[in-house]
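The structure under discussion appears below in the form of structure tokens.
The values are calculated or read from the model by the stated rules, or taken from the named source; none is laboratory data. Source: prediction; values computed, not measured. All Cβ positions, glycine included, derive from the backbone under ideal geometry; neighbour counts span all protein chains shown.
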């Protein structure tokens, strides 16, 4: 007979993903009690904002806007990330997660820089309304693990391209490679068209872009699995 060890789904998660879920959940719980303090200190602000600090490139990855935002990110991280952490090992998976999260923040910040510079030029040309947009860019916080999660999604699609994913909505089955391509195309369209509400679409694309480059580098140097 085998001894019963107990435990459940959460305890069976690999260590990096388990700790990411815990840290992200704790950060949101603290935010519930402290409100704007957490957002002002740990969200990512545009680099020219008075609220910006360099550590926010990391800290914003563990912040979320609400419980639904947290749930979808952590759910996606578990669905696509568990197999990657098992295949790569915890150290490599954590490195990949952080690189894609930082890459997401970098591309998002670059897009903000381009937008802010355009608004400054418009304001100097006499467009007074541009000042409102400039202030909005300076004061809008960015939060969430979505950039890194999209990087994880990209990695799953590259590592297991022919695995079939059953979608709930719409109720269709797709190979992982097509799932990734469709999501990437949607994010690119929404980012360029500037639609989709408050979502940082270029941050999602940044996570995918940096993930793609990192995996290609690992493959080229034969370091995919060690």
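Say whether the condition of being at pLDDT below 90, within 17 Å of the chain's Cα centre (by Cα) and over 27 Å from residue 164 (Cα atoms) is met by at least one residue in region 180-194.
Yes - at least one qualifying residue is present in region 180-194.
Only one of (1) part of a helix (DSSP H, G or I); (2) touching a strand residue (DSSP E or B) at 6+ places or on another chain (Cβ under 8 Å); (3) over 23 Å from residue 17 (Cβ atoms) is not met by residue 179, so which one is it?
(3)
Yes or no, residue by residue, for (1) over 21 Å from residue 207 (Cβ atoms); (2) under 19 Å from the mean Cα position of the chain (by Cα); (3) crowded, with 19+ Cβ neighbours inside 10 Å:
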| position | (1), (2), (3) |
| --- | --- |
| 49 | yes, no, no |
| 63 | no, yes, yes |
| 67 | yes, yes, no |
| 75 | no, yes, no |
| 84 | no, yes, yes |
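Can you work out which of the residues in region 135-175 that are closer than 27 Å to residue 223 by Cβ and assigned to a loop (DSSP other than H, G, I, E, B) is nearest to the chain's Cα centre (by Cα)?
Out of the qualifying residues, it is 145.
Step by step: first the residues of region 137-148, then only those that are touching a helix residue (DSSP H, G or I) at 6+ places or on another chain (Cβ under 9 Å) and more than 14 Å from residue 199 (Cα to Cα), then the one that is surrounded by the most Cβ atoms within 10 Å (Cβ to Cβ). Which residue is that?
148
Any idea which residue in region 111-134 is surrounded by the fewest Cβ atoms within 10 Å (Cβ to Cβ), counting only those that are touching a residue at least 12 places away in the same chain (Cβ under 8 Å) and within 25 Å of the chain's Cα centre (by Cα)?
113
What residue, among those in region 196-212 that are surrounded by fewer than 16 Cβ atoms within 10 Å (Cβ to Cβ) and touching a helix residue (DSSP H, G or I) at 6+ places or on another chain (Cβ under 8 Å), is modelled with the highest pLDDT? Step through it out loud before you land on a result.
Here is the first cut: in region 196-212, the ones surrounded by fewer than 16 Cβ atoms within 10 Å (Cβ to Cβ) are 196-199.
After this cut, where a residue has to be touching a helix residue (DSSP H, G or I) at 6+ places or on another chain (Cβ under 8 Å) as well, the list is 196, 199.
Working: 196: 55, 199: 83.
Here the answer is 199.
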